[in-house]
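Below: the structure, in structure tokens.
The values are calculated or read from the model by the stated rules, or taken from the named source; none is laboratory data. As the structure is a prediction and not an experimental result, all values here were calculated from the model. Here the Cβ positions follow ideal geometry from the backbone for every residue, glycine too, while neighbour counts run over all protein chains shown. Note: accessible area is taken over every heavy atom of the protein model, side chains too, but ligands, DNA and RNA are not part of it. Shrake-Rupley method; radii C 1.70, N 1.55, O 1.52, S 1.80 Å.
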Amino acid sequence: MHPAPSVIVFTTLSGAGFGLLFWLGLGVPDVRGLSAFAFFVIAYLLAAGGLMASTLHLGRPERALKAFTQWRTSWLSREAWLSVAALLAMAAYGAGLVFVDTRVPWLGWLGAALAAATVLATSMIYTQIAAVPRWHTALTPALFLALSAGGGALLAGQVTAALALLALAAVVQIAWWLRGDGALALSRTDMSSATGLPGRVRAFEPPHTGPNYLLREMVFRVGRKHALKLRGIALVLGYLAPVVLLLVPFAHWLAAVAVLAHLAGIAVSRWLFFAEAEHVVGLYYGMR
Amino acid sequence: MTDLPETTDRKLGLVIDLDTCVGCHACVVSCKGWNTENYGAPLSDRDPYGADPSGTFLNRVHSYEVEPEEGAPQLVHFPKSCLHCEDAPCVTVCPTGASFKRGADGIVLVNEADCIGCGLCAWACPYGAREMDAAEGVMKKCTLCVDRIYNENLAQEDRVPACVRTCPAGARHFGDLGDPDSDVSRLVAERGGMDLMPEQGTTPVNKYLPPRPRDTLGTGARAAQAPSLEPVAEDAQGWLGWLDRALSRF
Ligand code: SF4
Ligand code: SF4
Ligand code: SF4
């Protein structure tokens, strides 16, 4: 699948942003006034900024509001609703903390639940696609949720939670990669089932001499040969570096480095999430 | 609405005969010709006369080389357009309701005025039957020529999809696959029509007829005739014979 920069930026930043909102909603850390303001600004910049970036890849962004209509069947529509609901609930909750020094616990919990549900909906957009076997697994929502909670804890300055959750996310990440490498075979979709033809099937001539939308969007294969190296970079930057930096004695600049390393590592992992994912339509072209 | 209908009154679709398709791409051209000036936005081309042309098509023809267990390899031409699936994953993922499946005839369509061009439906389709138009920013797909098959301004024989009407080999058939007595259903039963990627759970309406086994008439006869094709005059006469003998002596 084509790794569109807007979608990578969106899922990375908004994942971390909604993760931070989740912790703020739980009242961890229990901040008020100006410091609460600072936390909420960061969370909204990440979460809402990511959502804005995601509209960049639409063919018709001016009609984006129509995406709210099909929540009964579409995870993308559900994500739209949940993200707006989470941002509104947390705005009201945050206003209480910042301006009147009051915490409304139930509102915070509601906001936290909505933030988590938003991340789940985002992950389900990918998980539901059976035509991309690498994504079509319960490990995908597990990875998105663990990463969002871990990244959020990192941003919220929750050292113990961040350590535990990032370690957990790293385990899920490795499991996701390992399962992913055999996912296409596991799906039982191959050139024989795609064409229904008997015997050994080889693509002889493609239907068109140039590239087309399908090849550009769904048969993206550039950079797969570096996948192993990139997995290493993602693991080191996204998981290992923040954990190490959290274990050394606390300094603000170290925490900032930990956050930046984490976001960079997760962006690499998201790039791989798309670039490595094989869409079964590639089989019609004799590719994977 | 992107809920799929429980059942559809009819299941209109295509039956594509892989045995008779000659790979001429006439259906590709006629499909583009009809659909670029009828339902919805035109099917745009980018850099059509330049070095890197590409464009939107609703129907494309692949070609495969098949090596059966026994016998000679075969070349199979393989037209592919939307299969108007009963459990169409492209419909349920759509956030706007632009993609829908009609309850009356089962045709899967895109209402382009509602489409935001998110591309999710193209991801969800395992067959590559949907293409985003680069100029218009909306999703295009086979309409089963919905603006021909019910079009009373057309002569009766033209009220079939453009690709079916055009095919010079009669490799594309149109009809109601929900009616077991229809011509297309009988054809499917007779020829062992099959689904593409059945394991994807999309329940396609369109069916593909497998290539018939090649006749083996020639192969046995050729084996029987093989001895008579052996060289008959091993010993050359005259000057060549002398040369042959002379060279053999060395
Ligand atoms: S072939 Fe693809 S686009 Fe057509 S109905 Fe099936 S899933 Fe949808
Ligand atoms: S591209 Fe258009 S038709 Fe396809 S899912 Fe998005 S809004 Fe629906
Ligand atoms: S039915 Fe119409 S739109 Fe579909 S492939 Fe044939 S010509 Fe194209």
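Any residue at all in the stretch B:57-80 that's polar (S, T, N, Q) and without any contact (Cβ under 8 Å) to a residue 24 or more places away in the chain?
Scanning the stretch B:57-80 turns up no residue that is polar (S, T, N, Q) and without any contact (Cβ under 8 Å) to a residue 24 or more places away in the chain.
It is to be established whether one or more residues within the stretch A:74-83 are farther than 27 Å from A:VAL268 by Cα and within 14 Å of chain B (Cβ to nearest Cβ). Even if it seems obvious, please write down each step before you answer.
Kept after step one, since they are farther than 27 Å from A:VAL268 by Cα, are these residues of the stretch A:74-83: A:74, A:81.
Retained after the next criterion (residues that are within 14 Å of chain B (Cβ to nearest Cβ)): A:74, A:81.
Checked the stretch A:74-83: at least one residue is farther than 27 Å from A:VAL268 by Cα and within 14 Å of chain B (Cβ to nearest Cβ).
Rundown of residues vs (1) surrounded by fewer than 20 Cβ atoms within 10 Å (Cβ to Cβ); (2) among the basic types (Lys, Arg); (3) touching a Lys or Arg at 6+ places or on another chain (Cβ under 6 Å); (4) at pLDDT below 95, yes/no style:
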{"residue": "A:THR118", "(1), (2), (3), (4)": "no, no, no, no"}
{"residue": "A:ILE125", "(1), (2), (3), (4)": "no, no, no, no"}
{"residue": "A:ILE129", "(1), (2), (3), (4)": "no, no, no, no"}
{"residue": "A:VAL132", "(1), (2), (3), (4)": "no, no, no, no"}
{"residue": "A:HIS136", "(1), (2), (3), (4)": "yes, no, no, no"}
{"residue": "A:ALA149", "(1), (2), (3), (4)": "no, no, no, no"}
{"residue": "A:ALA153", "(1), (2), (3), (4)": "no, no, no, no"}
{"residue": "A:VAL159", "(1), (2), (3), (4)": "yes, no, no, yes"}
{"residue": "A:LEU163", "(1), (2), (3), (4)": "yes, no, no, no"}
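Run down A:ALA64, A:ALA53, A:ALA48, A:ALA38 and say which single residue is at pLDDT 95 or above and among the small types (Gly, Ala, Ser).
Just one listed residue meets the conditions, A:ALA38.
Kindly establish whether A:LEU58 is of a type outside the set (Gly, Ala, Ser), in a helix (DSSP H, G or I), on the phi < 0 side of the Ramachandran plot and within 16 Å of ligand 2 (Cβ to nearest atom).
no
Which pairs turn up if I take residues in the stretch A:28-48 that are outside any helix (DSSP H, G or I) and look for partners that are exposed (fewer than 12 other Cβ atoms within 10 Å of the Cβ) with beta carbon separation below 8 Å, at least 6 apart in sequence or on another chain?
A:ARG32/A:ASP101
Quick check on the stretch B:129-143. Is at least one of its residues in a loop (DSSP other than H, G, I, E, B), of a type outside the set (A, V, I, L, M), more than 9 Å from every other protein chain (Cβ to nearest Cβ) and within 16 Å of ligand 3 (Cβ to nearest atom)?
yes
Give me the residue from the stretch B:101-128 that is among the acidic types (Asp, Glu) and open to solvent by 10 Å² or more (accessible area, probe 1.4 Å) and, out of that set, farthest from ligand 3 (Cβ to nearest atom).
The extreme case among them is B:ASP114.
What number of residues within the stretch B:85-100 satisfy the criterion of being at the interface with chain A (Cβ under 7 Å from one of its Cβ atoms) and either closer than 22 Å to B:GLY175 by Cα or open to solvent by less than 20 Å² (accessible area, probe 1.4 Å) (or both)?
5
How many residues, within the stretch B:30-42, are away from ligand 1 (no atom under 16 Å from the Cβ) and open to solvent by less than 40 Å² (accessible area, probe 1.4 Å)?
Summing the residues that are away from ligand 1 (no atom under 16 Å from the Cβ) and open to solvent by less than 40 Å² (accessible area, probe 1.4 Å) in the stretch B:30-42 gives 4.
Residue pairs, Cβ under 7 Å, 6 or more apart or interchain, first in the stretch A:59-72 and within 7 Å of chain B (Cβ to nearest Cβ), second exposed (fewer than 14 other Cβ atoms within 10 Å of the Cβ). List them.
Pairs found: A:ARG72/B:ASP3.
Answer yes if at least one residue in the stretch A:189-208 is within 14 Å of chain B (Cβ to nearest Cβ), among the charged types (D, E, K, R) and assigned to a helix (DSSP H, G or I), and no otherwise.
no
In this structure, does B:GLU86 turn out to be part of a strand (DSSP E or B) and either closer than 20 Å to B:GLY201 by Cβ or away from ligand 3 (no atom under 15 Å from the Cβ) (or both)? Give the derivation first.
Working: part of a strand (DSSP E or B): no; either closer than 20 Å to B:GLY201 by Cβ or away from ligand 3 (no atom under 15 Å from the Cβ) (or both): yes.
It is false that B:GLU86 is part of a strand (DSSP E or B) and either closer than 20 Å to B:GLY201 by Cβ or away from ligand 3 (no atom under 15 Å from the Cβ) (or both).
Any idea which residue in the stretch B:40-82 is nearest to the other protein chains (Cβ to nearest Cβ), counting only those that are within 21 Å of the chain's Cα centre (by Cα) and among the basic types (Lys, Arg)?
The residue in question is B:ARG60.
Of all residues being within 14 Å of ligand 1 (Cβ to nearest atom) and either charged (D, E, K, R) or within 10 Å of another protein chain (Cβ to nearest Cβ) (or both) in the stretch B:101-120, which is farthest from the chain's Cα centre (by Cα)? Just the residue, please.
Looking at residues that are within 14 Å of ligand 1 (Cβ to nearest atom) and either charged (D, E, K, R) or within 10 Å of another protein chain (Cβ to nearest Cβ) (or both), I get B:CYS115.
Are any of the residues in the stretch B:44-53 within 16 Å of ligand 1 (Cβ to nearest atom) and open to solvent by 20 Å² or more (accessible area, probe 1.4 Å)?
Within the stretch B:44-53, not a single residue is within 16 Å of ligand 1 (Cβ to nearest atom) and open to solvent by 20 Å² or more (accessible area, probe 1.4 Å).
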